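The numbers here are math on the coordinates, done by the rules we state, and not lab data. Everything numeric in this text was worked out from a predicted model, so none of it was measured. FYI the Cβ positions are ideal-geometry reconstructions off the backbone, even for glycines, and counts take in every protein chain you see.
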Amino acid sequence: MSLAELHRDAKNRMGKSVESLQLALAKLRTGRAQASLLDHIKVDYYGQDVPVSQVATVAVTDSRTITITPWEKNMVAAVEKSILTSDLGLNPNTAGTVIRIVLPALTEERRKDLAKVVSHEAENAKVAVRNIRRDANTHSKDMLKAKDVTEDEERQAEGAIQKLTDQFVAEIDVVAKAKEDELMAL
């Protein structure tokens, strides 16, 4: 592996850490209706676990209401059951073939708890990015010991990896701040 490949690999892995954080934060309920809130919920569809969006139309009707319209009438109960058993704590209301989910307003205490969860998830993402930096630096030092690169090239690679780390840590901070602002703004 060359230093360029090492840099590219570190950049890809750090980017995946940020994406992972964004997915984790998308699952946090903010009190504002978002169709992405149901993205990770799976429904049993003829023996296969599939996302809700593949068996129904998910729409946001107002700031606190999500409506789900299954494409098949017999899927209403399965979708409702999946939402009830999910970790979101939502109570779906069924009227014929339409499932409505009304999101309750968040209390101030719950908002603060969620803000702590956001900062914890952000810190985990930063740790992941730093671990990737450590792995990349270890690999470049191994390349130096094997005399595959010069000391100057190894030092430049470490500097580039550090810049990359700083960039992704800043990106994590931006993502976490945006989610905290969204939580507190309601």
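Diagonalising the gyration tensor over the Cα atoms of segment 46-116 and scaling each eigenvalue by 5 before taking the square root yields semi-axes of 25, 14, 10 Å, largest first.
Under the convention that each Lys and Arg Cβ holds +1 and each Asp and Glu Cβ holds -1, the size of the dipole of the chain around its Cα centre is about 380 debye. Considering only Ile132, Gly15, Ile68, the residue lying farthest towards the positive end of the dipole of the chain is Ile68, judged by Cα position with unit charges set on Cβ.
Only helices enter this figure: runs of n ≥ 4 DSSP H residues, each worth -39500 (n - 2.57), summed and divided by the residues of the chain, yield -20500 deg cm²/dmol at 222 nm to the nearest 500.
Taking 0.36 nm per residue of separation and subtracting the Cα-Cα distance, full extension of the segment from Ser36 to Ser53 would add 5.2 nm.
If you take all other residues with their beta carbon under 11 Å from the beta carbon of Leu144, and give Lys and Arg +1 and Asp and Glu -1, the sum is -3. Straight-line cross-link reach from Lys27 at under 21 Å between alpha-carbon atoms covers these lysines, not counting any fewer than eight positions away in the same chain: Lys16, Lys42, Lys81, Lys112, Lys116, Lys126, Lys177, Lys179. Inter-part distance, segment 121-144 to segment 40-111, computed on C-alpha centroids, equals 39 Å.
Pairs of alpha carbons in the chain separated by more than 19 Å make up 66% of all such pairs. With an 8 Å cut-off on Cα pairs and a minimum separation of 6 or more residues, tell me the relative contact order of segment 22-149 in percent. Relative contact order here is 19 percent. Taking other C-beta atoms within 10 Å as the exposure proxy, Asp148, Asp49 rank Asp49, Asp148 from fewest upward. Fewest-first ordering of Val149, Val98, Val43 by other beta carbons within 10 Å of each residue's beta carbon gives Val98, Val149, Val43. Please find, in a Gaussian network model of the chain (springs between Cα atoms separated by less than 10 Å), the residue of Lys116, Lys11, Lys73 whose mean-square fluctuation is greatest. Judging by the Gaussian network model, the answer is Lys73. Ranked for footprinting exposure by Cβ neighbours inside 10 Å, fewest first, Ile161, Ile83 give Ile83, Ile161. Rounded to 0.05, the FRET efficiency of the Val98 and Asp135 pair, given R0 = 41 Å and the Cβ-Cβ distance, is 0.25. FRET efficiency for the pair Asp44 and Thr69, taken as 1/(1 + (r/R0)^6) with r the Cβ-Cβ distance and R0 = 22 Å, rounds to 0.75.
Extension gain, Thr107 to Lys27, is 27.0 nm, computed as 0.36 nm per intervening residue step minus the present C-alpha separation.
Using a cutoff of 8 angstrom between alpha carbon atoms and counting only pairs six or more residues apart, the relative contact order for segment 35-102 works out to 27 percent.
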